[in-house]
Structures are given as structure tokens and as C-alpha cells.
Amino acid sequence: MDHVIIKVEGLRKEYHIGEMTVHALRKVDMEIRQGEFVAIMGASGSGKSTMLNILGCLDKPSGGDYMLDGVNMRKLNKNQLAGLRNSKLGFIFQSYNLLPRTTALENVELPLYYNSKVKAKERKERAIHALEQVGLGDRFHHMPNQLSGGQQQRVAIARSLVNDPVVILADEATGNLDTRTSYEIMELFQKLNDNGKTIVFVTHEPDIARFMKRNIIFRDGRIQREVAVENRFSATELIAKLPKEDDTDFLSA
Amino acid sequence: MNYTNLTKIAINALKRNKFRAFLTMLGIIIGVGSVIGMLSIGEGSKKSIQQEISSMGSNMIFVMPGSQRRGGVQMGRSDAKSLTLSDISQLKKEAMYLSAISPQVSASGQAIKGNKNWPTTMYGVDASYLDIRKYELEDGRIFTEREIKSLGKVCLIGKTVTENLFGENVDPIGQTVRFNGIPFKIIGTLKEKGQNQMGMDQDDMLIAPYTSVQRRILAITHIQTIYASAVSEEKSDAAIDEIIAILRKNHKLEADAESDFEVRSQSEMIQTFSSISNMLTTLLGAIAGISLLVGGIGIMNIMYVSVTERTKEIGLRMSVGGRGNDILVQFLIEAVLLSLSGGLIGILFGLLISYIATTLLNFPLVIMVQAIVISFLVCSVIGIFFGWYPARKAAGLNPIDALRHE
């Protein structure tokens, strides 16, 4: 269980805005092993999102090396990166990013459409399985606007699972959700992790970070510190403690 | 690349945005449809005029006296007496390209029957006149050679005159009408021909032997017009040259003298009217061209806007593994499907317009294949290009930039 999934060495990212150069990441070294559940934390502008985008092969680093499951992404062209995203990565966005007017099932099928090895029948079976895994076995043909925020995020999680990635990357996946729904989503993530999925989760909320096993805290484009989480939250227990009639959701939302 | 999957993706994307797809297609439909419709109306009007003119006679050629100078004074055409019966007999003897020849003299006057009267025109002609002008006998007979020689007081009657003198459902054959005081016995009726394209009633006439009209009514010896039929349409020009040569010889004109007559043919009239309706076709074509242009700009706009507004979708597709080329092919398939189906509907729409318009205007239905092909090509090319071009730009973006696009 200690196979290295992500290995980052001397990773840099700079943006040029006019004359100014913004250093989003300055020489970051990091390692994430199989089965880990890591929170990348930090304030706005600390570089945590940039880090996740590079890990997700959505953005290119300015310098340094990034090995994903033994493949050095610096040596890959755009098409190969797309292939990598298709086969090894699952990405979850804060704003779900589901295709509008498209059923949950079709949204989940989307990554498999870009994998020509998967035939139509298998595509559908895998999408159904993924939706059942996230607890949406009865919502196959609902459109995103017929689903609640939590359900939409579950569809997005199913979409990230459907290609059986080596790592799931989540960007503020609970940022748009109320407390109870956030906990429910965290429960799902914990369950996935218990089943062996490696998950990297970006958040700025310390409460949410306590659901993970390890926290990496970014500051000004560097890793400030890393901590192993003690007294890790169990989402299932926390949900049980929430009042049954959820008036508090209004207050804490 | 998996084209089956990309085609499915493209079709699903179109289904998701039926209204937008319809709007895009609408530009193409209107562009293609209006070009086809307008040009078919133009061509139809041309064809209709041609048909009308050919209904005036069969390969008809007519000779009018030219205007003459007498002592320096230019005389009007109606005063000219340059055509004579000797011209007719000479033409009948010598002309090879003419199948029929008839003189014509006409007199206007009042036709009277009992207590009714009607102003009309009496044409004095030969028996072959009916064939040349495409008149047909409805009933009765045409006058004989003997009646022509003997200045017979017999005539054929047109529908309009019959109705005005006898009322409807009366057989006028055997009755007598007075024209300018002279009684004519009706021996035949003419089939209805309707108005010509200039609105003249072609049934408002009496037809009598030219000798009778010449001597009994007009008291002249010359003839006013010669009508003839060329043996075929292709020989029409040869026939004109032949007529000119024979008449010049018969009029004993010097080689450099101006002809004292003019020869006109039906094909010349067709050309004159065709040039008018060609102008009409050009005008309609220009309007259609503008609608094609406007339609094209509409297509450009909606294609460009819809691809731009879908940049985020493109980013999402890339983030789950779509390659730039996958995106490009998807949008290209969408554009091709929209353009082709829009084009096909446009063709049907254009044919419908053509059918309705030509039916209402009573034109023959002319389908212009060039109009169909050109308008279809123009719209498809515009549609496909402006689907492809912005998609290519979007497909070249970094996934994260496309995702962040608002």
C-alpha cells in the first residue's frame, strides 16, 4: 500500500501579468502514496489550486518534475496529457461542472466516450455502477437541474470514478454545500478511501481537512508544513450527531 | 479517434440545444429557400412571357410598311402604302422558308345587330391567317377562294363580339351583322383566346376576306401588314432575309436605298421581352443574394457565439480526457449536421415557395438546379467554417483556461 502515485520535485509555476511575475508555486516537493487521503490546505492565493490543476494535468508547470504513477508528465504532449487525464485521473470541481440538460447517467458516461476501448454496453454498465456507488441508483435519468447540490456533486464524483482512476482530485468539493450535505459527501469520500482510492482534496476549511489522513498546508507558493491528522473525524459519526430536524443547516450554511 | 462516439456526442449536444440548433438552421433555411424561390419566380415569369408570345402565332413573321419621306416630310407609318398584293403573290411564288402567307388590312368600326351594337375591329385576311396567328375555328367554316375573289360579304366572329351582339348561348352562325353599314353573314366562330400579355382582348374581332375589307370598307388597293409563318423556328432568320430580298426586288429599290418596309419576327419579340424579364431575374437574384448574405452572417454569428459560449463545456470535456482533436471533430460534426439538414430543409422550403408563387401567379414552375446547388454550397461552407474556426481556437486552449472561461 505504499506505492508512490504522485511524486513532485522542484515544481514551479509563474504567471506573467504585464510586467509583473506572480510566483504561484516556488519549488514544491511532495509525495503521495497509494491509499492516502490528503488535504491540500491554505488561504486564497497560497497556490493550492494551482498545485491541484497541475496534478490534474489541466495546467502545465513552469519548471520541475511531476511523476504520475511512474509517468513524467513534462515529457508528454497535449494529446498524451488528455489520455492521461482520461485513464489515470478523476477530477471533481467546486461547481460540479455537469453538462446541463444531460441526464446523470450520460454525465457519468462522458469520460468513457473519449476512451475508444470502452464499448457502448460496457460504458453504460460502468456508469450505472459508479452512480450506485455514490448512492444515486435511483437518479439515472434526472437532469442536473432536477438534482440538489449534494446530488449533483455525487454525479460529479461518480463521473470521476467511472474510469477507475489511480487518484481522485477534488477542488473545494464541499465549498458550495451546507454542513449536513458536506458531511454526507465526506462520508462518501471516506468510504471510497477505505476501499483503497487515493484522494487529494483541496480545501481552505480546517473542519473539512480533519476528515483526511494527512494535511499539507501551503503558504505563498510553498509547503509550510505537513501534519498527520490526529483524532480524525468520522463523517458517519458526525452525521449521526446532527439534529434530526435540520434547522441548523440554515444557520451554518 | 473514435468517430462513432464523437458523432454520438455531437448528436447529443444538438439534442440538448434544440432551439439553438433550430435558430442556426433557420439562417440556412431562409438563405437557401429564398434564393431558390426568387430565382424560380424570375425564371417562371420569363418562361410565361415566352409561352404567351409563342401563343401569338407559329414562327410568325410580320411585315409593316416603313415610314417614308415625301418631299422631305417624314410620313407616319399608317399613311404608307408601300405593301401591295403584288408583294404577296411574289412572296408566295419565290419564298422557300415560308409555310404560309397572308395579307392583313384592318378597319375599326361599329358592329350592329338589331338593337345592339359594339365597337370592334374587322381584319381582312387570307384563309391561312388563322394558322399563322394560331386562331382556331370553333364552329362553321373559313371563307373560300371564291368568296375572297368575289369580295364575299362573309365573316368569322370572335367570342367578345358574339357575346355583346347576341348574348350568351346563342349560335350566331348564319346570322347577319352590319359593320360600317355593310351586312356580313357570319359563317364561323373563333375559339376563345383570352387576353395577350399586354392586356388586349384577342377575341374582340371580326375576320373577313381581305378583298372585302379593302374594297368595300376601306376603299384602298394597298395592304397594311403581311403575316407569314416560317417553316421552322431555326429558319426564322433565313426567312426574314428572304422576305427582305424579295420585297426589295419587287419594290425595285437600289442597293443603297433604305427599305420602305420593316420585318419583325416573333423570336425578336421574345428576345425583347426576355431581356426585360432577365432584368427581373437579375433583380430577384440580387435580392436573393442579399438574403443569402444575411443568412450567412446569421449562421456565422450563431455558430461563433454558440461555440464561444460553450468554452466551459469544452474545458470540461478536455478535463475528462477529450483531446483537442476530439473537440474539434465534435463541433465540426455538429456544424455539418446543422448545415446539411438546414440546407435540405431550405431546398424543400424553396421548392415550396416556388410552387406556391408560380401557382398563384400562373407561371410555369421552373426549378433552377444551379440556384439549389450554389445556395446550398454557400450556406454549408459558411456554416461549417464558422463552426470549425472558433472550435479550433477553443480546442487549442489549456483545459484550465477553457474551464475558467465565463
Entirely in region A:1-114, the strands (runs of 3 or more DSSP E) that have 3 or more residues that are in contact (Cβ under 8 Å) with a residue 40 or more places away in the chain, within 12 Å of chain B (Cβ to nearest Cβ) and touching a helix residue (DSSP H, G or I) at 6+ places or on another chain (Cβ under 9 Å): A:89-92
Where a residue in region B:1-19 is closer than 13 Å to B:E313 by Cβ and at the interface with another protein chain (Cβ under 9 Å from one of its Cβ atoms) and its partner, wherever it lies, is surrounded by 11 or more Cβ atoms within 10 Å (Cβ to Cβ) and modelled with pLDDT under 85, with Cβ under 9 Å and at least six apart: B:N17/B:S306
Options A:I216, A:I208, A:I185: the member that is of a type outside the set (S, T, N, Q), in contact with a Gly (Cβ under 8 Å, 6 or more places away or on another chain) and surrounded by 15 or more Cβ atoms within 10 Å (Cβ to Cβ): A:I185
1 or more residues among the hydroxyl-bearing types (S, T, Y) and over 35 Å from the mean Cα position of the chain (by Cα): qualifying strands (runs of 3 or more DSSP E) within region B:161-217: B:176-179
Residue in region B:277-318 that is surrounded by the fewest Cβ atoms within 10 Å (Cβ to Cβ), counting only those that are part of a helix (DSSP H, G or I) and of a type in the set (K, R): B:K312
Region B:29-57 - residue that is of a type in the set (A, V, I, L, M, F, W, C) and under 10 Å from the mean Cα position of the chain (by Cα) and, of those, nearest to B:T281 (Cα to Cα): B:I41
Flag if A:M143 is hydrophobic (A, V, I, L, M, F, W, C) and touching a strand residue (DSSP E or B) at 6+ places or on another chain (Cβ under 8 Å): no
Unmet requirement for B:V366, which otherwise passes all of (1) exposed (fewer than 15 other Cβ atoms within 10 Å of the Cβ); (2) over 30 Å from B:I11 (Cα atoms): (1)
Residue in region B:306-316 that is of a type in the set (K, R), under 20 Å from B:K15 (Cα atoms) and modelled with pLDDT of 85 or more present: yes
Verdict on B:S274 being buried (at least 20 other Cβ atoms within 10 Å of the Cβ), touching a residue at least 40 places away in the same chain (Cβ under 8 Å) and either of a type in the set (S, T, N, Q) or within 14 Å of another protein chain (Cβ to nearest Cβ) (or both): no
Residue under evaluation B:G346, criteria (1) away from chain A (no Cβ under 12 Å); (2) crowded, with 20+ Cβ neighbours inside 10 Å; (3) over 45 Å from the mean Cα position of the chain (by Cα), criterion not met: (3)
Qualifying residue in region A:178-199 (condition: assigned to a loop (DSSP other than H, G, I, E, B), in contact with a helix residue (DSSP H, G or I) (Cβ under 6 Å, 6 or more places away or on another chain), at pLDDT below 95 and more than 14 Å from chain B (Cβ to nearest Cβ)): yes
Search result, residues across region B:352-403 that are β-branched (V, I, T) and within 14 Å of chain A (Cβ to nearest Cβ): B:I400
Filter result for B:L316 (away from chain A (no Cβ under 14 Å), among the aliphatic types (A, V, I, L, M) and touching a residue at least 40 places away in the same chain (Cβ under 8 Å)): no
Residue check, B:L397 in the same structural domain as B:T311 (by TED's automatic domain parsing) and either small (G, A, S) or over 29 Å from A:K78 (Cα atoms) (or both): no
Hits in region A:131-165 (condition: within 14 Å of chain B (Cβ to nearest Cβ), assigned to a loop (DSSP other than H, G, I, E, B) and buried (at least 16 other Cβ atoms within 10 Å of the Cβ)): A:M143, A:V162, A:N163, A:P165
Near pairs, Cβ below 6 angstrom, 6+ apart or cross-chain, from region B:211-226 (farther than 19 Å from B:I101 by Cβ) to any residue that is surrounded by fewer than 20 Cβ atoms within 10 Å (Cβ to Cβ) and of a type in the set (S, T, N, Q): B:I217/B:N180
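Matching residues to (1) at positive phi; (2) among the β-branched types (V, I, T):
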position	(1), (2)
B:G194	yes, no
B:S212	no, no
B:T221	no, yes
B:Q224	no, no
B:S232	no, no
B:K252	yes, no
B:M269	no, no
B:G285	no, no
B:A288	no, no
Flag for B:K15 being surrounded by fewer than 17 Cβ atoms within 10 Å (Cβ to Cβ), out of contact with any Pro (no Cβ under 6 Å at 6 or more places or on another chain) and in a helix (DSSP H, G or I): yes
Failed criterion for B:A95 (all others in (1) crowded, with 21+ Cβ neighbours inside 10 Å; (2) outside the structural domain of B:F179 (by TED's automatic domain parsing); (3) touching an Asp or Glu at 6+ places or on another chain (Cβ under 8 Å) hold): (1)
In region B:277-312, the residues that are over 19 Å from B:G37 (Cα atoms), touching a residue at least 24 places away in the same chain (Cβ under 8 Å) and either within 30 Å of the chain's Cα centre (by Cα) or within 14 Å of chain A (Cβ to nearest Cβ) (or both): B:S306, B:R310, B:T311, B:K312
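The values are calculated or read from the model by the stated rules, or taken from the named source; none is laboratory data. Model, not experiment: these values are computed from the prediction. No Cβ is skipped: glycine too gets one built from the backbone with ideal geometry, and neighbour counts run over all protein chains shown.
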